[in-house]
Amino acid sequence: MKKALFLDRDGIINVDHGYVYKKEEFEFIDDIFTVCIDAQTKGYEIFVITNQSGIARGKYTVKQFDELSLWMTSVFKSKGIVISDVYHCPHHPDKGLGQYLKACECRKPEPGMLLKAEKEHNIDLEKSVFIGDKVSDMQAAENAGIKNRILLVDRYNDNDAVIAQRIKEIIQASLYIR
């Protein structure tokens with residue numbers, strides 16, 4: 001079984017400008033490539049795990065999300081980093097439209113996306129790492145059995161009940177990826 005580095009997207013990979021779906025609006029976080037190269041060198045496969053309520057709200061389409069994801073992973077590839085897969089949840093329990101208006105098992109804090117990655121890629125979740133910027137990211141990781149959780153703090157409300165390594169800058173994540 002493989003170990004994985006799971007990354008939230010908005011706020012971890014890119015600056016969260018709100019409902020980002022165009023590459024012209026996509027701004028990579030300083031040092032994310034350094035953290036990923038470090039993790040890859042340590043034997044981690046890298047995955048993106050992201051809630052995308054902008055799809056549910058009708059702000060952009062799955063196709064637009066997929067096009068941006070292909071572009072994003074190609075930028076990583078140009079830096080020597082392989083993103084093994086991108087998982088997204090297009091649902092929202094009360095602000096979604098049509099088929100996307102639903103409570104689901106994939107929307108963080110639920111662990112559905114992580115469990116799907118585990119199954120599809122033979123991942124050992126106990127040996128994996130999750131980096132996120134929201135309490136719901138840490139809850140999803142905990143719900144999936146990921147013990148090494150790294151929370152980038154200061155942007156959103158923190159919750160002292162959530163067990164995680166807390167960092168103020170993404171580069172500090174490398175200290176906790178072993």
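FYI, it's all coordinate maths here, none of it is from the lab. Because the structure is a prediction, the values reported are computed rather than measured. Cβ sites come from the backbone with ideal geometry, for glycine too, and all protein chains shown count toward neighbours.
Results, tabulated for the structure shown:
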{"quantity": "Given (1) surrounded by 14 or more Cβ atoms within 10 Å (Cβ to Cβ); (2) in a loop (DSSP other than H, G, I, E, B), index of the condition A140 fails", "calculated": "(2)"}
{"quantity": "Test: residue in the stretch 159-174 that is touching a helix residue (DSSP H, G or I) at 6+ places or on another chain (Cβ under 6 Å), outside any loop (DSSP other than H, G, I, E, B) and hydroxyl-bearing (S, T, Y)", "calculated": "yes"}
{"quantity": "Qualifying positions in the stretch 22-55 - within 15 Å of I150 (Cβ to Cβ) and either part of a helix (DSSP H, G or I) or of a type in the set (F, W, Y) (or both)", "calculated": "I32, T34, V35, C36, D38, A39, Y44, F47"}
{"quantity": "Scan of the stretch 106-124 for residues that are touching a residue at least 24 places away in the same chain (Cβ under 8 Å) and part of a helix (DSSP H, G or I), ordered by number", "calculated": "M113, L114, L115, K116, A117, E118, E120, H121"}
{"quantity": "Residues satisfying the stated conditions in the stretch 1-52, i.e. surrounded by 16 or more Cβ atoms within 10 Å (Cβ to Cβ) and at positive phi", "calculated": "G11"}
